[in-house]
Structures are given as C-alpha cells and as structure tokens.
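We did not get these values from a lab; they are worked out from the coordinates using the rules stated. All values reported here derive from a predicted model rather than from experimental measurement. No Cβ is skipped: glycine too gets one built from the backbone with ideal geometry, and neighbour counts run over all protein chains shown.
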C-alpha cells in the first residue's frame with residue numbers, strides 16, 4: 001500500500017491521477033454506451049415487454065402487417081423493414097458525457113407514439129436494461145485506473161521524454 005509523508009504529497013498524488021481517471025472514465029463510458037446501443041438495435045424487430053415506465057409493445061395492426069407484406073417485408077417484425085432505422089442508432093462521447101441516440105424521425109415517433117401509433121420505446125428501455133452494467137463498467141474502469149492499470153496515451157498527463165534544448 002502506498003504511504004504519504006504529508007497532506008501535500010497526498011494532494012500532489014491526487015492531482016497526478018486526474019488525467020488517468022479521465023481516460024478510465026472515458027473508456028468505461030464508451031463500454032457502457034456500446035451496451036445500450038447494442039441492446040437498442042437488438043430490440044428492433046422483436047416485441048418488447050414492459051420495463052419501468054415503458055409500456056410493452058402492442059401487436060402490429062392487421063393493416064400494417066398487410067402493408068409490410070405488400071412492400072416485400074416480413075409480416076410481423078415491429079420497427080424492422082430495411083434496417084435503416086435500426087442502423088441509425090449510434091453512441092457518441094464528448095469529454096465526460098455520452099449519448100445513445102438516433103436522428104431518425106421514424107424512431108422518434110415510434111418511441112413516443114402518435115394518435116395512430118402506440119409507443120414502441122427503444123432507447124429508454126435499452127438504457128434501463130443496462131443500468132447496472134453501465135454503473136459497473138464505470139466503477140471497474142475507475143478502480144483499474146486508481147490501481148494503476150490504465151496506460152495513458154502518449155502526451156496526456158506524462159512528462160515528455162525529449163530533452164529541451
């Protein structure tokens with residue numbers, strides 16, 4: 001176990017750990033967001049049960065099933081046609097914040113529902129299903145950093161090996 005001679009030495013150690021912790025949290029966040037993204041994509045095409053405040057998906061209307069078949073798609077794979085909507089789901093990280101989202105208007109209206117379409121939420125349930133995993137991913141990444149298991153990319157929080165001339 002590491003020992004410190006005084007509070008100043010301990011404070012200096014904590015400051016030196018900041019870049020390591022940021023990299024670790026970034027990696028943990030990236031892993032957690034990928035979990036949510038994968039779950040959201042996998043839910044497309046399969047009826048989903050209720051979870052938390054999110055309702056179970058209603059069966060597709062007979063008219064929708066007939067229209068799907070007429071257009072050359074399978075009869076009963078909710079939200080899945082060409083795969084474009086599913087593939088629009090992406091995760092992004094900016095600094096220490098991340099998001100799993102889609103720019104698809106179709107997915108938005110399916111998520112919240114309309115007068116004619118019952119809600120078939122994708123994003124919220126995917127986050128809820130993975131909540132424990134994401135917390136664990138972040139905790140593990142942070143713990144590994146503090147235990148010295150994260151190697152920083154060159155130039156971040158490290159002194160340059162080059163001698164100044």
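The residues of region 42-51 that are surrounded by 12 or more Cβ atoms within 10 Å (Cβ to Cβ) and farther than 14 Å from residue 110 by Cα, listed by number, are 42, 51.
Kindly indicate whether residue 92 is touching a strand residue (DSSP E or B) at 6+ places or on another chain (Cβ under 6 Å) and more than 16 Å from residue 130 (Cβ to Cβ). Taking the combined requirement at face value, the residue satisfies it. Scan region 78-105 for residues that are within 16 Å of residue 117 (Cβ to Cβ) and surrounded by 14 or more Cβ atoms within 10 Å (Cβ to Cβ) and jot them down. Once the filter is applied, which keeps residues that are within 16 Å of residue 117 (Cβ to Cβ) and surrounded by 14 or more Cβ atoms within 10 Å (Cβ to Cβ), region 78-105 yields 78, 79, 80, 81, 85, 104.
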